[in-house]
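The values are calculated or read from the model by the stated rules, or taken from the named source; none is laboratory data. This structure is a prediction, so every number in the text was calculated from the model and none was measured. No Cβ is skipped: glycine too gets one built from the backbone with ideal geometry, and neighbour counts run over all protein chains shown.
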Amino acid sequence: MPFKRPRPNPTQGGPNSESSSSRPLPAKQTKTSTAKGLPDMKIYIVQAKLDAESIATLTGLAERHSGVCRNAEDAEVLITAVSMRRRLERHVPWEIAKTKAVVTPQWLRDSIEHGGPLPCDDYVAIGDLHETTVQHCPDCNCKPCGCSDDSPSPTPPTSPRPRTAELSSSPTSLSAASVPEPAERAVYVPENLLPPDPPIPTKLETLDYTSRYACQRPAPLVCVNQSLVRELDTIRHSRWLEGEDRSALSYERAASVIKAYPHKIRSLAQVVKLPFIGTKIGGLIEQYLNTGTILEAETIKGSERFQTLSLFASIYGIGPSTARRLYDLNLRTLEDLEIYYGVERDDVGRQSQIVEVEEKPQHPRWMRGQRAADDGLGDSWIRVALGLREDLAKRIPRAEVEEMGRVVITELNDLKPGCVSTIVGGYRRGKRESNDVDIVFTHPDASKVKGLCKSLVRRLHERGMVTHVMHLSSFHTHDPLRLHHWDNLEKALTVFILPPTSPFYDGTRRRLDLIFASPEVYWTAVIGWTGSIMFQRDIRQWAKDKLGMKFDSSGITRRYDSKEFYPKTEKEVFELFGLQWVDPTWRNADL
DNA sequence: AAAAG
């Protein structure tokens, strides 16, 4: 597909499609991120040992989500990176510090993610202030789930009132000429493709945090034992980088179970009975309870090898194996990689040029076989990804995720009126900021879905919004050697940039994944792509173990007779499997 | 081998 340099297209705000779909039009402007994540607390940030950028970031977070004050005396919470008493005393009188919760910057970040003040004892900044910090911690000391939604009526609204998508006759007068769909003003969108109107409450009491299956354990975005989970995850990550997948999985499982454990862990006895906590990990937890850390995790974090492998594997296209190979070549920094891969530094930099990355990139003949390194997978992706890494490393705030969704669905509806979409991934699980944006699409008319992915990508490309296509696949990518389970949905993994007319435009490139499912498998696709990884994997495991069914994002099949199932809603998928409904925000089984 | 969750 030879794409030409496009002209950016003015895309006005577009209809609201927030997390859900191109609903008709009742633009109910939901609560935007104006709501503060934390109650209005007075936070004081001790600047010592923080660089200017961190100070700015933390202050910004505190201002947006809670409140800051200018001197320590007036504050309830002191945030500091200092860990030694004597050093803190140079900035805050000890008598005052003793009357506050004195915590690390991580407490603020995690509490914001969590949506409320977390218990402080994992975040105590100064050892001598442990007790007073816990005493003055603003966490409400109520159980994490105490209140909220366990209302008696489990029945979803079954108002059969059909909704009609009066397709916002695309506001762009420019593109009106190229509407390929003839005279179709309104498309009937069946109720079941839209999100349930009052959302379905999660009945936490019917779930079971001791279950062996992550899909039965409600796991919040940030849990009360988050720093323990983080330690275990460090070991997991290291194992994964080293190619020790079995070991990595053990740590992943353990971390996942703890993520769902609703109480602050104070003794080993509380958790030894939990699934996947054996003697090995039990020992590590004990160590953690005694010392506040896990020695191996700390050692790993300090090792050059781990830091380097992590850095390399954070680049799109570089996995554990390649990272290790590069390390063995004595490469250590991204600059080393740039030289190795031959990236001209400013070339991909700020110029907005359009690059089509081939699915199977070819080297020029003279290069082939030269480098035994990249057999099979060419390195053009990696060159591109290296050039984009600064942008791609930036996190995307929810509001911008929503804007991207609006822009994309607007384009799609110009192309094919009546499409429905859900923004999935971490966004749907409630993350305040995402690494990338994943959107699942369908159309009520199954016959219209085929080929849509490619058309949409082309259109976004022409409009200058998709700058790179890392991967484009279709239903019929007949893949005889199915390595792992990659669904066979139409999907495009792209690099996206908002049009300059967007109020959110700042020139940052973002990873955007577009997934197209036929309407019968729309909700299985949505579930699969909502994650988390563990949650999804255990739904698959559950379906296999308990029902002899095969579940993945592209459908549900009974194994013995290959009968296919098409649950009409997300809730029905849970029901089919005999699982209780778990809201996406409780599917954070993965750290 | 890698990519998504």
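Values for this structure:
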read-out	value
Whichever residue in region A:425-447 is surrounded by fewer than 24 Cβ atoms within 10 Å (Cβ to Cβ) and assigned to a loop (DSSP other than H, G, I, E, B) and, among such residues, is farthest from the chain's Cα centre (by Cα)	A:445
Hits in region A:526-550 - residues which are more than 23 Å from residue A:250 (Cβ to Cβ) and in contact (Cβ under 8 Å) with a residue 12 or more places away in the chain	A:526, A:527, A:528, A:529, A:530, A:547, A:548, A:549
Count of residues meeting criterion [touching a Gly at 6+ places or on another chain (Cβ under 6 Å) and polar (S, T, N, Q)] in region A:246-278	0
Residue match in region A:212-219 (condition: surrounded by fewer than 17 Cβ atoms within 10 Å (Cβ to Cβ) and at pLDDT 95 or above)	yes
Residues of region A:44-92 satisfying the condition of being modelled with pLDDT under 80, surrounded by fewer than 16 Cβ atoms within 10 Å (Cβ to Cβ) and not in a helix (DSSP H, G or I)	A:51, A:70, A:84, A:90
Pair list, Cβ < 6 Å and 6+ apart or interchain, from region A:431-447 residues that are in the same structural domain as residue A:520 (by TED's automatic domain parsing) to residues that are outside any loop (DSSP other than H, G, I, E, B) and among the charged types (D, E, K, R)	A:432/A:113; A:436/A:511; A:438/A:513
Filter result (of a type in the set (Val, Ile, Thr) and within 35 Å of the chain's Cα centre (by Cα)) within region A:59-97	A:59, A:68, A:77, A:79, A:80, A:82
Residue in region A:495-504 that is within 15 Å of DNA strand B (Cβ to nearest atom) and modelled with pLDDT of 95 or more present	yes
Of the criteria (1) at pLDDT 95 or above; (2) more than 9 Å from DNA strand B (Cβ to nearest atom); (3) outside any strand (DSSP E or B), which one residue A:488 fails	(1)
Selection within region A:393-405 - surrounded by fewer than 21 Cβ atoms within 10 Å (Cβ to Cβ) and in a helix (DSSP H, G or I)	A:393, A:398, A:399
Some residue of region A:411-419 being among the small types (Gly, Ala, Ser), away from DNA strand B (no atom under 15 Å from the Cβ) and either surrounded by 24 or more Cβ atoms within 10 Å (Cβ to Cβ) or over 16 Å from residue A:490 (Cα atoms) (or both)	yes
Only listed residue being of a type in the set (A, V, I, L, M), more than 19 Å from the chain's Cα centre (by Cα) and farther than 30 Å from residue A:399 by Cβ, chosen from A:547, A:498	A:547
Residue match in region A:562-577 (condition: without any contact (Cβ under 8 Å) to a residue 24 or more places away in the chain and basic (Lys, Arg))	yes
Tally, over region A:575-591, of residues that are buried (at least 19 other Cβ atoms within 10 Å of the Cβ) and not in a loop (DSSP other than H, G, I, E, B)	3
Any chance residue A:244 is modelled with pLDDT under 55 and not hydroxyl-bearing (Ser, Thr, Tyr)	no
Residue A:548, sole failed condition from (1) surrounded by fewer than 21 Cβ atoms within 10 Å (Cβ to Cβ); (2) under 30 Å from residue A:494 (Cα atoms); (3) not charged (D, E, K, R)	(2)
Only one of A:286, A:304 that is acidic (Asp, Glu), at pLDDT 95 or above and either touching a strand residue (DSSP E or B) at 6+ places or on another chain (Cβ under 9 Å) or surrounded by 14 or more Cβ atoms within 10 Å (Cβ to Cβ) (or both)	A:286
Residue match in region A:535-551 (condition: near DNA strand B (Cβ under 9 Å from one of its atoms), in a helix (DSSP H, G or I) and either in contact with a helix residue (DSSP H, G or I) (Cβ under 6 Å, 6 or more places away or on another chain) or under 16 Å from residue A:456 (Cβ atoms) (or both))	yes
In region A:74-87, the residues that are under 19 Å from residue A:120 (Cα atoms) and either among the small types (Gly, Ala, Ser) or out of contact with any Phe, Trp or Tyr (no Cβ under 8 Å at 6 or more places or on another chain) (or both)	A:75, A:76, A:80, A:81, A:82, A:83, A:84
Criterion violated by residue A:377 - all others in (1) surrounded by fewer than 22 Cβ atoms within 10 Å (Cβ to Cβ); (2) at pLDDT 95 or above satisfied	(2)
Only one of A:323, A:269, A:297 that is of a type in the set (A, V, I, L, M, F, W, C), exposed (fewer than 13 other Cβ atoms within 10 Å of the Cβ) and either modelled with pLDDT under 95 or in a helix (DSSP H, G or I) (or both)	A:269
Within region A:552-574, tally of residues that are surrounded by 16 or more Cβ atoms within 10 Å (Cβ to Cβ), of a type outside the set (A, V, I, L, M) and part of a helix (DSSP H, G or I)	3
